[in-house]
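See below for the structure under consideration.
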Amino acid sequence: MSRDRTALSGSVTSGIVQPAGHRSGFVALVGRPNVGKSTLLNALLGQKVTIVSDKPQTTRTQVRGVLTRPDVQAVFCDTPGIHKPRTLLGRRLNDTARSALSDMDVVLFLVEANAPIGRGDRFIAGQLLPGHTVLVLNKVDRVGSSQVLAQLAEAAEFGFDEYFPVSATSGEGVAGLCDHVLGRLPDGPRYYPDDMVTDVPEAFWVAELVREQLLTEVREEVPHSLATRVTEWEWPLIRCEILVERDSQKGIVIGRKGEVLKRVGTRVREQLPDGAFLELVVRVDKNWQRRPRSLDRLGY
């Protein structure tokens, strides 16, 4: 696969002497919503670089995580879950996921061990190149060995290169999967500095942390109607705007006497450097999921 990767994000290293035989490449994680892509990415890297929730469509952008070892560097790309879209946001999320597949050395296609392999899985599988795809059977900690074997046997119909049963939550099988992926990467340069584990900007990361904590608090239709963005960053002040689509949702997000926002703010500050002052503001932006300008402003 030929490619020009010298203009990835402004973070690419230059002028660094690489050891002889150094290998590198790009690895995409794809699958239906809520199959555990973000949890697996964090497990592969050994630290949190993307938010995790049990709500579908938690990941809305392509998030890169970088794993660097002395002789190899892998750039893992987390993607939104591919699904049947109902809004303009949904269509854009699918486009983001599919665009990540165009220039990858390895694709990790995740399916669940504790759910039937369905039409959605088969739809995604049909868009993947067998020679570049590793099927990852995730959540094996939730089922017995007989179910794992049955799922692997059914998944064999896809004809992919390799099959790995893992649990991104417990870590079972993750190290073996990681070693296998690194071993498949071609000769190449080091694209990012050794100490870089993600190219996500700080402001985006804080906004995502706020959204992650909100997803633990709200239910029903509200999670899909939530968006967050940092509107002011003048350390130690960080002002984060929370968007909802209806006035009734605003009250749910704020909570009785502001209790929901207080809990969210407290948990997010625990993940920020000491001294950070986080201000949360809730605003109604009606039907933002269906409006191109709102999506553009939010970076979706």
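Would you call S53 modelled with pLDDT of 70 or more, in a loop (DSSP other than H, G, I, E, B) and under 18 Å from A227 (Cβ atoms)? Yes: the conditions hold for S53.
Set side by side, the residues L237, L243, L185 differ, and just one is surrounded by fewer than 15 Cβ atoms within 10 Å (Cβ to Cβ), in contact with an Asp or Glu (Cβ under 9 Å, 6 or more places away or on another chain) and of a type in the set (A, V, I, L, M), which is L237. Screening I254 with (1) in contact with a Leu (Cβ under 6 Å, 6 or more places away or on another chain); (2) touching a residue at least 60 places away in the same chain (Cβ under 8 Å); (3) over 18 Å from R86 (Cα atoms) gives one miss only, at (2).
Selection within the stretch 153-188: residues that are of a type in the set (V, I, T) and part of a helix (DSSP H, G or I). The member of this set that is nearest to F26 (Cα to Cα) is V181. Evaluate the stretch 139-159: report whether one residue or more is hydroxyl-bearing (S, T, Y) and within 22 Å of the chain's Cα centre (by Cα). The answer is no; no qualifying residue exists. Among the residues of the stretch 1-44, count how many are more than 26 Å from A155 (Cα to Cα), at pLDDT 70 or above and of a type in the set (A, V, I, L, M). Within the stretch 1-44, residues that are more than 26 Å from A155 (Cα to Cα), at pLDDT 70 or above and of a type in the set (A, V, I, L, M) number 1. Does the stretch 112-127 contain any residue that is among the polar types (S, T, N, Q), in contact (Cβ under 8 Å) with a residue 60 or more places away in the chain and within 21 Å of V174 (Cα to Cα)? For the stretch 112-127, residues among the polar types (S, T, N, Q), in contact (Cβ under 8 Å) with a residue 60 or more places away in the chain and within 21 Å of V174 (Cα to Cα): absent. For the subset of the stretch 263-296 comprising residues that are free of Cβ contacts under 8 Å to residues at least 24 places away in the same chain, closer than 19 Å to E232 by Cα and among the charged types (D, E, K, R), which member is surrounded by the most Cβ atoms within 10 Å (Cβ to Cβ)? The qualifying residue surrounded by the most Cβ atoms within 10 Å (Cβ to Cβ) is R269. I want to confirm something. Restricting to the stretch 246-260 and keeping residues that are among the small types (G, A, S) and either exposed (fewer than 15 other Cβ atoms within 10 Å of the Cβ) or not assigned by TED's automatic domain parsing to the domain that holds E212 (or both), which single residue is nearest to P273 (Cα to Cα)? Out of the qualifying residues, it is G258. The conditions of being polar (S, T, N, Q), crowded, with 19+ Cβ neighbours inside 10 Å and outside the structural domain of E279 (by TED's automatic domain parsing) are not met by S225. The stretch 193-300 holds helices (runs of 4 or more DSSP H) entirely within its bounds, and those carrying 1 or more residues that are β-branched (V, I, T) and either at pLDDT below 90 or on the phi < 0 side of the Ramachandran plot (or both) map to 202-215, 247-254, 259-269.
The values are calculated or read from the model by the stated rules, or taken from the named source; none is laboratory data. What you see is a predicted model; the values in this text were computed from it and never measured. Positions of Cβ are generated from backbone atoms using ideal geometry, with glycine treated the same way; all protein chains shown enter the neighbour counts.
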